[in-house]
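The structure appears right after this line, and notes come after that.
The values are calculated or read from the model by the stated rules, or taken from the named source; none is laboratory data. Just so we're clear, the structure is a prediction, and the values are computed from it rather than from any experiment. Cβ placement follows ideal geometry from the backbone for every residue including glycine, while neighbour counts extend to all protein chains displayed. The protein model used for the area step is the full one, side chains on, heavy atoms only, and it has no ligands, DNA or RNA in it. Shrake-Rupley method; radii C 1.70, N 1.55, O 1.52, S 1.80 Å.
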Amino acid sequence: MTQLTHFNQSGEAHMVDVGNKDITERVAIAEGYIEMNPTTLALIEQGTHKKGDVLGIARIAGIMASKKTADLVPLCHPLPISHVEVNLEIENDTSRVYCRTTVKTRGQTGVEMEALTATQVSLLTVYDMCKAVDRGMTIQGVRLLKKSGGKSGDWLRP
């Protein structure tokens, strides 16, 4: 890719015209994590957090966010998402919750932004639910791992 696609010849921001692109199966996988105090992680793991099932709510928030990406990111196309999977795993050795999101569609543009948005909002939800006991949590490493489909083909993080 040699140029930014969201700018026209005059340098003005615009929505990319995907109308002539082929409809293909498109998949994107993103990841990220939130570090926290071990005592905060224990509350989540034991299910004793006063706000309830932190990871279950974060999973639903991520799924909902993926479907709202076009409302949040100005030049994203609204897409008919066919599948969203948000996996949240407790990692005791690093005192963090790891998130991995897969988003799928059949369409004319990819779902990278939807996967990244779902990951970020899942982690933000963990923060929101736990901030009363740990304001020092840190969200890190949110990034695209893989994308497939479309004219540019497959991409895999080295």
Q.
Looking only at the range 45-72, count every residue that is more than 29 Å from Lys146 (Cα to Cα) and surrounded by 16 or more Cβ atoms within 10 Å (Cβ to Cβ) and tell me the total.
A. 1
Q: Please give the number of the condition Leu156 fails out of (1) touching a helix residue (DSSP H, G or I) at 6+ places or on another chain (Cβ under 9 Å); (2) at pLDDT 95 or above; (3) open to solvent by 50 Å² or more (accessible area, probe 1.4 Å).
A: (1)
Q: Examine the range 130-140 for a residue that is out of contact with any Leu (no Cβ under 7 Å at 6 or more places or on another chain), assigned to a strand (DSSP E or B), modelled with pLDDT of 95 or more and of a type outside the set (A, V, I, L, M, F, W, C), and state whether such a residue exists.
A: yes
Q. Among the residues of the range 143-153, which ones are open to solvent by 50 Å² or more (accessible area, probe 1.4 Å) and modelled with pLDDT under 95?
A. Lys151, Ser152
Q.
Being under 15 Å from Val27 (Cβ atoms) and surrounded by fewer than 20 Cβ atoms within 10 Å (Cβ to Cβ) is the filter here; which residues of the range 88-101 pass it?
A. Arg100
Q. Got a number for residues in the range 104-114 being open to solvent by 10 Å² or more (accessible area, probe 1.4 Å) and of a type in the set (A, V, I, L, M)?
A. 1
Q: Could you check Leu79 against (1) modelled with pLDDT of 95 or more; (2) crowded, with 20+ Cβ neighbours inside 10 Å and say which number it fails?
A: (1)
Q: Within the range 12-42, work out how many residues are over 24 Å from the mean Cα position of the chain (by Cα), modelled with pLDDT of 65 or more and over 22 Å from Lys147 (Cβ atoms).
A: 3
Q | Looking only at the range 115-142, and only at residues there that are open to solvent by less than 50 Å² (accessible area, probe 1.4 Å) and over 28 Å from His77 (Cβ atoms), the one that is nearest to the chain's Cα centre (by Cα) | A | Val126
